[in-house]
Amino acid sequence: MLHKNTVLSLLLSVILFSCSQEKKLPFLGPKTVNAKGDTVYHQIPAFHFLNQDSVLVTEKDVAGKVYVADFFFTTCPTICPKMKTQMLRIYERYKERDEVRIISHSIDPDFDNTSVLQDYAARLQVKAPKWNFLTGNKAAIYTLGQKSYMVSAQEDPNEAGGFVHSGAFILVDKNRHVRGIYDGTVETEVNHLLEDMEVLLKEQ
């Protein structure tokens, strides 16, 4: 039979080992293996859209940044207000940290031009480049949402407001790999996102 002190020592060792194992976030999306046998993870491709200040925003603007992306439209009568309330939490927490960005893509770019987005950002009292509201080619936005961010984003005349989109917040690392998808309408889900953001910021 093990001595009591030995048992306590073993338990302490297990606890310390568990604490030393840093949390690792998964890489989401399809992955391939290159000719060298290395795993190539799904990556957000190059993009270019105008933000609320009529400034061109590309993948270069998030190089080396951890960012959260979502899809919305300014006249959304359903989930967007809840999403923006939660995204504001992220903005406020990280507004002084340059390594964090937020990107919101309008799925109604015909209406959501740069002037509309500028007014929208002003009402929220947020600024670029910390939080970019993007508009541009509709097909490119839809393809980016569905193929790259793996969320719904499209027109649907049967839906309130004429569009259907996911309420997801997508967490992307400094190499544009998707590392988490969360329900942006639920506070507890966004709490989880905030925890995972800290993991990514320490990881890279």
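The values are calculated or read from the model by the stated rules, or taken from the named source; none is laboratory data. Computed from a prediction, not measured in an experiment: that's the story for all the values here. Using ideal geometry, Cβ is built from the backbone for each residue, glycine included, and neighbour counts are taken over all protein chains shown. When the accessible area is computed, the model is the full protein with side chains, heavy atoms only, and any ligands, DNA or RNA have been set aside. Shrake-Rupley method; radii C 1.70, N 1.55, O 1.52, S 1.80 Å.
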Looking at (1) over 22 Å from residue 167 (Cα atoms); (2) out of contact with any strand residue (DSSP E or B) (no Cβ under 6 Å at 6 or more places or on another chain), which is the one condition that is false for residue 26? (1)
For residue 79, the lone unmet condition from (1) at pLDDT 95 or above; (2) surrounded by fewer than 19 Cβ atoms within 10 Å (Cβ to Cβ) is (1)
Looking at (1) touching a residue at least 24 places away in the same chain (Cβ under 8 Å); (2) out of contact with any Asp or Glu (no Cβ under 6 Å at 6 or more places or on another chain); (3) over 20 Å from residue 81 (Cα atoms), which is the only condition residue 200 fails? (2)
Restricting attention to region 115-122, does a residue exist that is closer than 13 Å to residue 69 by Cα and under 19 Å from the mean Cα position of the chain (by Cα)? no
Restricting the first residue to region 43-65 and requiring it to be aromatic (Phe, Trp, Tyr), which pairs with a second residue that is assigned to a loop (DSSP other than H, G, I, E, B) meet a Cβ separation below 9 Å and a spacing of at least six or different chains? 47/136; 49/109; 49/136; 49/137
For region 96-154, what are the residues that are open to solvent by 40 Å² or more (accessible area, probe 1.4 Å), touching a residue at least 12 places away in the same chain (Cβ under 8 Å) and polar (S, T, N, Q)? 113, 118, 137, 152, 154
Can you say whether residue 41 is of a type in the set (Phe, Trp, Tyr), open to solvent by less than 70 Å² (accessible area, probe 1.4 Å) and either modelled with pLDDT of 95 or more or touching a Pro at 6+ places or on another chain (Cβ under 7 Å) (or both), as far as the supplied structure shows? no
